[in-house]
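Below is one structure, written out as structure tokens, with a few remarks after it.
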2 protein chains.
Amino acid sequence: MSTDTDATARAQLIDLAAQFYDQFELGEIPHMELPTRSKTNIELDEEANVWVYGDRTSTRSANSVRGARKLLKAVYTIEFLADQLEQDRSSTLRELYYLSESWDNKEAQFNDQDESNQLIEDLEIVSEVTREDFHMRPEESGATIMGPLFLREQTRRGDREIHCQEDVGEGGYQIPNNPDTIEFLSSDAEFILCVETGGMRDRLVENGFDDDYGALVVHLKGQPARATRRITKRLHDELELPVTVFTDADPWSYRIFGSVAYGSIKSAHLSEYLATPQAQFIGIQPSDIVEYDLPTDPLTDSDINALENELTDPRFQTDYWEEQIELQLDIGKKAEQQALAARGLDFVTDTYLPERLEEMGIF
Amino acid sequence: MSTDTDATARAQLIDLAAQFYDQFELGEIPHMELPTRSKTNIELDEEANVWVYGDRTSTRSANSVRGARKLLKAVYTIEFLADQLEQDRSSTLRELYYLSESWDNKEAQFNDQDESNQLIEDLEIVSEVTREDFHMRPEESGATIMGPLFLREQTRRGDREIHCQEDVGEGGYQIPNNPDTIEFLSSDAEFILCVETGGMRDRLVENGFDDDYGALVVHLKGQPARATRRITKRLHDELELPVTVFTDADPWSYRIFGSVAYGSIKSAHLSEYLATPQAQFIGIQPSDIVEYDLPTDPLTDSDINALENELTDPRFQTDYWEEQIELQLDIGKKAEQQALAARGLDFVTDTYLPERLEEMGIF
């Protein structure tokens with residue numbers, strides 16, 4: 001299933017290598033320009049509302065042994081990736097690291113996996129091709145979907161047509177590493193509900209919430225994998241469905257929401273590919289802790305610290321988040337999704353979510 | 001889908017509560033007897049080759065306020081579970097903890113989740129019904145299967161017939177929380193290959209190893225969830241397939257093998273339900289590190305400590321394990337599964353696994 005995308009990715013990579021030749025020919029020292037990847041060179045793109053790199057760049061140049069070695073490694077990696085695409089193979093970041101031990105030039109081999117990971121990120125940035133399109137698989141696996149969605153997944157063994165309720169077990173449909181192999185065929189869904197914890201995901205499925213409300217329940221499994229964020233974005237864009245994010249009420253969970261909605265600093269070059277700025281936070285909100293008198297735990301020092309950081313984080317500079325975060329600091333408490341069970345096992349699906357969806361104008 | 005199993009589980013629970021009534025009637029102080037759950041009361045059952053509790057027991061008695069409160073909590077929990085089974089509902093351990101806040105008697109409410117978790121384990125032991133049969137779901141989700149297996153899963157939405165190669169995407173079949181809802185319809189599999197890491201699982205699937213060798217590839221995802229160990233045992237027992245376990249070459253991974261094969265101290269009461277004593281370790285073996293000159297990392301102090309502990313662990317008291325562990329201590333190195341990539345991406349499926357399977361007499 002070598003595709004057009006593969007051919008484009010391969011061409012972009014080879015272009016990079018070709019630049020070095022051109023530089024040699026012009027009598028220049030080979031070099032590669034990259035955006036500076038530090039916190040000070042990240043900005044919120046006001047229009048798209050996602051994180052992007054600023055204008056500052058750094059240069060990797062062969063004018064030092066260290067720099068020359070970096071470019072050598074880049075060239076070997078480009079060759080490996082180009083071959084991989086041509087042969088329609090794929091590999092993990094860790095395999096790439098180990099595989100470099102078999103390269104004929106010792107200087108091109110990676111010293112540790114941070115180095116090879118970093119290089120792949122650099123190549124993503126300069127070639128504007130995503131890691132998935134290089135056929136590099138993550139170690140982390142994607143999560144699952146349950147809901148009224150019929151899709152076709154292109155696999156190495158042929159196409160598979162799967163309905164994410166009728167053709168799967170209670171565990172749901174397992175999102176593949178590269179969700180761009182999926183085509184959405186049809187859907188009766190009204191909205192997407194991304195859920196942080198497995199316990200809550202199972203509660204919603206047991207209570208038939210996906211069926212009753214036309215919800216595509218996407219399990220985030222804590223901090224979501226790239227594949228999970230990517231498919232959420234595609235579901236939003238292609239099916240024009242509102243995206244809601246349902247997490248615990250604590251600062252770490254708001255970061256999970258942030259990574260779905262605005263992307264992360266680490267992958268600012270991928271925000272357009274991974275982030276869904278239209279995503280809305282459905283709960284648990286600090287105000288829900290008060291309103292529903294939920295069982296709570298006290299905020300720890302590191303929770304307080306994280307909340308205070310969020311108050312100065314441009315992603316959370318809205319009236320809504322300021323009010324919620326300040327309320328939380330004020331009451332000094334946090335709550336888990338499953339704390340809703342204190343009001344009964346059906347409270348979340350009979351009362352909490354329907355009320356929130358109505359408030360948000362979604363259902 | 002309230003089943004015979006549900007009715008039996010419910011009856012066993014109600015029997016427990018009935019015992020308290022009988023004790024009251026006889027003028028006895030209500031009490032409950034449990035095997036002592038400490039490391040000194042665990043033994044390896046020589047015949048079944050799994051961990052079980054020894055003969056020592058402890059008594060929970062209402063002869064102190066503390067003891068009376070424990071029994072009160074047990075009675076409330078039994079009532080909750082009996083209702084849950086009757087209504088064909090299920091819940092997570094965390095939901096049970098929060099739900100107790102809605103109980104009318106404050107004394108019956110749990111102080112923390114350890115307490116409710118512990119009580120459910122106690123009830124498993126005295127009633128001889130597993131948590132899954134109480135319809136208590138874990139927080140951890142099961143892993144995935146890919147391979148020549150056709151099964152029927154009983155779900156709340158009706159039965160689903162799924163072939164674990166033809167009807168699933170590249171992510172495979174997601175094992176449900178309670179795999180006893182699965183019936184194996186047919187299988188062309190030759191053996192089961194439980195794989196520790198996602199990267200290696202994906203490599204095997206990409207290379208078509210499940211197809212070429214009739215392997216059911218079960219992803220363990222690190223330390224396997226109960227659902228994953230349960231389905232592995234059932235695949236072994238019901239389809240009469242050899243079970244092999246493929247992990248990194250380090251002491252923590254040998255513990256993963258140990259928990260598949262012999263069970264764990266924490267869940268010694270479930271060994272017969274979860275453990276597969278016939279499981280064999282396929283690799284990576286310390287001797288493979290030497291033979292294939294694999295890329296390694298040095299053993300840390302805690303690795304060395306863990307290996308030394310394993311040498312005195314009855315589960316590893318075999319010539320094979322003593323030789324391998326002593327060799328590893330001797331070379332002072334550990335290796336990851338994906339280190340095989342240093343010999344090329346196909347080495348694992350073309351050479352390493354076929355050779356090991358032949359040595360082990362499996363293929």
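Would you tally the residues in the range B:211-221 being buried (at least 24 other Cβ atoms within 10 Å of the Cβ) and either touching a Pro at 6+ places or on another chain (Cβ under 9 Å) or of a type in the set (S, T, N, Q) (or both)? Give the derivation first.
So the first thing to find is which residues in the range B:211-221 are buried (at least 24 other Cβ atoms within 10 Å of the Cβ), and the list is B:215-220.
So of that shortlist, the ones also either touching a Pro at 6+ places or on another chain (Cβ under 9 Å) or of a type in the set (S, T, N, Q) (or both) come out as B:215-216, B:218.
The number of residues fulfilling the criteria is 3.
Please state which one of A:348, A:260 is in contact (Cβ under 8 Å) with a residue 12 or more places away in the chain, part of a helix (DSSP H, G or I) and either away from chain B (no Cβ under 14 Å) or in contact with a Ser or Thr (Cβ under 9 Å, 6 or more places away or on another chain) (or both).
A:260
Would you confirm whether or not the range A:119-140 contains a residue that is in contact with a Gly (Cβ under 6 Å, 6 or more places away or on another chain), of a type outside the set (Gly, Ala, Ser) and over 16 Å from residue B:167 (Cβ atoms)?
Taking every residue of the range A:119-140 in turn, at least one turns out to be in contact with a Gly (Cβ under 6 Å, 6 or more places away or on another chain), of a type outside the set (Gly, Ala, Ser) and over 16 Å from residue B:167 (Cβ atoms).
List the number of the failed condition for residue A:180; all other conditions in (1) more than 10 Å from chain B (Cβ to nearest Cβ); (2) surrounded by fewer than 21 Cβ atoms within 10 Å (Cβ to Cβ); (3) in a strand (DSSP E or B) hold.
With (1) more than 10 Å from chain B (Cβ to nearest Cβ); (2) surrounded by fewer than 21 Cβ atoms within 10 Å (Cβ to Cβ); (3) in a strand (DSSP E or B) applied to residue A:180, the lone miss is (3).
Here are some conditions: (1) more than 10 Å from every other protein chain (Cβ to nearest Cβ); (2) outside any loop (DSSP other than H, G, I, E, B); (3) not hydrophobic (A, V, I, L, M, F, W, C). Residue B:111 meets all but one. Which one does it not meet?
(2)
Can residue A:110 be described as of a type outside the set (Ser, Thr, Tyr) and over 26 Å from residue B:296 (Cα atoms)?
no
Looking at B:99, B:34, which one is modelled with pLDDT under 90 and within 14 Å of another protein chain (Cβ to nearest Cβ)?
Details: B:34 fails: within 14 Å of another protein chain (Cβ to nearest Cβ).
Going through B:99, B:34 in turn, just one is modelled with pLDDT under 90 and within 14 Å of another protein chain (Cβ to nearest Cβ): B:99.
Is the range A:141-151 home to any residue that is part of a helix (DSSP H, G or I) and either aromatic (Phe, Trp, Tyr) or over 17 Å from residue B:198 (Cβ atoms) (or both)?
No, the range A:141-151 has no match at all.
Going through the range A:238-256 one residue at a time, which ones are part of a helix (DSSP H, G or I) and either under 22 Å from residue A:310 (Cα atoms) or without any contact (Cβ under 8 Å) to a residue 12 or more places away in the chain (or both)?
A:251, A:252, A:253, A:254, A:255, A:256
Any chance the range A:134-147 includes a residue that's out of contact with any helix residue (DSSP H, G or I) (no Cβ under 9 Å at 6 or more places or on another chain) and buried (at least 20 other Cβ atoms within 10 Å of the Cβ)?
No, there is no match, as no residue in the range A:134-147 is out of contact with any helix residue (DSSP H, G or I) (no Cβ under 9 Å at 6 or more places or on another chain) and buried (at least 20 other Cβ atoms within 10 Å of the Cβ).
With respect to residue B:328, determine if the residue is in the same structural domain as residue B:236 (by TED's automatic domain parsing) and touching a residue at least 12 places away in the same chain (Cβ under 8 Å).
Spelling it out, residue B:328 is indeed in the same structural domain as residue B:236 (by TED's automatic domain parsing) and touching a residue at least 12 places away in the same chain (Cβ under 8 Å).
Residue-by-condition table, conditions (1) at pLDDT 85 or above; (2) under 30 Å from residue A:277 (Cα atoms); (3) touching a Pro at 6+ places or on another chain (Cβ under 9 Å); (4) of a type in the set (Asp, Glu):
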| site | (1), (2), (3), (4) |
| --- | --- |
| A:38 | no, yes, no, no |
| A:59 | yes, no, no, no |
| A:70 | yes, no, no, no |
| A:92 | yes, yes, yes, no |
| A:95 | yes, no, no, yes |
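Which of the residues spanning the range B:323-332 are buried (at least 20 other Cβ atoms within 10 Å of the Cβ) and closer than 27 Å to residue A:111 by Cα?
Matches in the range B:323-332: B:328 only.
Among the residues of the range A:310-322, is any of a type outside the set (D, E, K, R), within 14 Å of chain B (Cβ to nearest Cβ), surrounded by 13 or more Cβ atoms within 10 Å (Cβ to Cβ) and in a helix (DSSP H, G or I)?
No.
Checking the structure you have, find out if any residue of the range B:184-194 is in contact with a His (Cβ under 9 Å, 6 or more places away or on another chain), in the same structural domain as residue B:337 (by TED's automatic domain parsing) and either crowded, with 23+ Cβ neighbours inside 10 Å or touching a residue at least 60 places away in the same chain (Cβ under 8 Å) (or both).
yes
Given B:287, B:271, which one is surrounded by fewer than 17 Cβ atoms within 10 Å (Cβ to Cβ) and either over 25 Å from residue B:208 (Cβ atoms) or at pLDDT 95 or above (or both)?
One residue alone meets the criteria, B:287.
Looking only at residues in the range A:157-172 that are part of a strand (DSSP E or B) and among the charged types (D, E, K, R), which one is nearest to the other protein chains (Cβ to nearest Cβ)?
Per the criteria, the residue is A:160.
Please go through (1) more than 11 Å from chain B (Cβ to nearest Cβ); (2) at positive phi for residue A:64 and return the number of the only condition it doesn't satisfy.
(2)
Would you pick out the residues in the range A:323-338 that are touching a Lys or Arg at 6+ places or on another chain (Cβ under 9 Å) and within 14 Å of chain B (Cβ to nearest Cβ)?
A:336, A:337, A:338, listed by residue number.
Return the total of residues in the range A:214-232 being assigned to a loop (DSSP other than H, G, I, E, B) and away from every other protein chain (no Cβ under 14 Å).
3
Of all residues in the range B:139-156, which are within 7 Å of chain A (Cβ to nearest Cβ) and over 20 Å from the mean Cα position of the chain (by Cα)?
B:155, B:156, listed by residue number.
For the condition more than 29 Å from residue A:79 (Cβ to Cβ) and surrounded by fewer than 11 Cβ atoms within 10 Å (Cβ to Cβ), what is the one hit in A:43, A:47?
Being more than 29 Å from residue A:79 (Cβ to Cβ) and surrounded by fewer than 11 Cβ atoms within 10 Å (Cβ to Cβ) holds for just one of A:43, A:47, which is A:47.
The values are calculated or read from the model by the stated rules, or taken from the named source; none is laboratory data. These numbers were taken from a predicted model, which means no experiment stands behind them. A quick note on method: Cβ atoms are made from the backbone with ideal geometry, for glycine too, and the neighbour counts reach across all protein chains shown.
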